[in-house]
Amino acid sequence: MMAASERASELSFFASADGDLAYRDMGTGDPVVLLHSGFADHRVFADQLPVLARDFRVIAPDIRGHGFSANASGPFRWADDLAGLLRHLDLGPAVLVGLCMGAAVATDTALEHPDLVRAVVVSGAGTSAFEYADPQLLQHQSRAGQLLATGDITGWLDQFAEGVAGPRRTTDQVDPSVLRRLRELTAHTLAKHTPGEKDWFVPLTDPWPRVPKLDAPVLAIHGALDWPDSLAMAQRFADTVPNGHATTIEDAGHYPNMEKPDRFNELLTDFLGTL
């Protein structure tokens, strides 16, 4: 395992109006932006970065409050942070690839800054208006929230691992190296925060009615063992845009890019080849 300081040396930083935002910048060619899941950072895409960088310029930011990026000290929107970074790099339109929270970042940006977006790939979510209805998932999220509020990081990490496994597996059925990597990333982000601190994130207002107007091609990549609500949100997004379709990776849950990286990379590069 590399130390955090060694990983940080690979990063570039964008001086936003509210602190420095970290990102990886690899390769040359048409831009592809990889947007990580909640509580993690750009390293979620460790298996995608070198593969995509053979043919594309790959940007993998740490979303504000995550990884090596600054925490918010005032209201902010995901779409504006990403748009600021892309304009700083003079990039766009770019293909945005988002995992769970990252999918919401991608779709928010496509809605708010369509000139910067060439295509969107989502996995595990749709827009930032998250839609959860499954009692089992809601109970899991409630328990995780309680642990986080009390500062029980060890308990939260265990609960998080159950979320990674999804509703049809136990954590023992997930590749331990995947869980180990995710625990490391999420623990790093959690260490940046304190229980009960103010959440400055400002979500878009009612984004779903705007989705049918998106012109960008969309691909949803499902992990077959993911939570039903996560699958439904990504599928709804693909079904609602004019040019969207979906595909499924078997024997993978909420992190298909980590559990089945070769298959995820194949599907993603095939999609990029159609643009």
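The values are calculated or read from the model by the stated rules, or taken from the named source; none is laboratory data. Just so you know, these numbers come straight off a predicted model, no measurement behind them. Note: ideal-geometry Cβ built from the backbone for every residue, glycine included; neighbour counts use all protein chains shown. For accessibility, only protein heavy atoms count, side chains too; no ligands or nucleic acids. Shrake-Rupley method; radii C 1.70, N 1.55, O 1.52, S 1.80 Å.
Data overview
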read-out: Residue among 246, 252 that alone is assigned to a loop (DSSP other than H, G, I, E, B), open to solvent by less than 50 Å² (accessible area, probe 1.4 Å) and at pLDDT 95 or above; value: 252
read-out: Residue selected from the stretch 40-61 under the condition in a loop (DSSP other than H, G, I, E, B) and touching a Ser or Thr at 6+ places or on another chain (Cβ under 7 Å), by the criterion surrounded by the fewest Cβ atoms within 10 Å (Cβ to Cβ); value: 41
read-out: Whichever residue in the stretch 91-103 is over 18 Å from residue 43 (Cα atoms) and modelled with pLDDT of 95 or more and, among such residues, is most open to solvent (accessible area, probe 1.4 Å); value: 93
read-out: Some residue of the stretch 261-275 being open to solvent by less than 80 Å² (accessible area, probe 1.4 Å), assigned to a loop (DSSP other than H, G, I, E, B) and either free of Cβ contacts under 8 Å to residues at least 60 places away in the same chain or under 27 Å from residue 64 (Cβ atoms) (or both); value: no
read-out: Out of 30, 81, sole residue that is open to solvent by 20 Å² or more (accessible area, probe 1.4 Å), of a type in the set (D, E, K, R), touching a strand residue (DSSP E or B) at 6+ places or on another chain (Cβ under 9 Å) and closer than 19 Å to residue 107 by Cβ; value: 81
read-out: Subset of the stretch 110-131 (residues that are outside any strand (DSSP E or B) and of a type in the set (Gly, Ala, Ser)); value: 110, 124, 125, 126, 128, 129
read-out: Pick from the stretch 120-142, criterion modelled with pLDDT under 95 and of a type in the set (A, V, I, L, M), ranking: farthest from residue 158 (Cα to Cα); value: 129
read-out: Condition broken by residue 37, with the remaining ones in (1) under 25 Å from residue 270 (Cβ atoms); (2) open to solvent by less than 40 Å² (accessible area, probe 1.4 Å); (3) not in a loop (DSSP other than H, G, I, E, B) satisfied; value: (3)
read-out: All positions within the stretch 19-45 that are on the phi < 0 side of the Ramachandran plot and under 13 Å from the mean Cα position of the chain (by Cα); value: 33, 34, 35, 36, 37, 38, 40, 41, 42, 43, 44, 45
read-out: Residue in the stretch 33-50 that is touching a residue at least 24 places away in the same chain (Cβ under 8 Å), over 27 Å from residue 158 (Cβ atoms) and of a type in the set (Lys, Arg) present; value: no
read-out: Flag for residue 68 being touching a strand residue (DSSP E or B) at 6+ places or on another chain (Cβ under 6 Å) and buried (at least 18 other Cβ atoms within 10 Å of the Cβ); value: yes
read-out: Test: residue in the stretch 8-19 that is open to solvent by less than 40 Å² (accessible area, probe 1.4 Å), part of a strand (DSSP E or B), touching an Asp or Glu at 6+ places or on another chain (Cβ under 8 Å) and farther than 29 Å from residue 231 by Cα; value: yes
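Conditions (1) at positive phi; (2) at pLDDT 95 or above; (3) under 16 Å from the mean Cα position of the chain (by Cα), marked per residue:
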{"residue": "160", "(1), (2), (3)": "no, no, yes"}
{"residue": "167", "(1), (2), (3)": "no, no, no"}
{"residue": "196", "(1), (2), (3)": "yes, no, no"}
{"residue": "212", "(1), (2), (3)": "no, yes, no"}
{"residue": "220", "(1), (2), (3)": "no, yes, yes"}
{"residue": "239", "(1), (2), (3)": "no, yes, no"}
{"residue": "264", "(1), (2), (3)": "no, yes, yes"}
{"residue": "272", "(1), (2), (3)": "no, yes, no"}
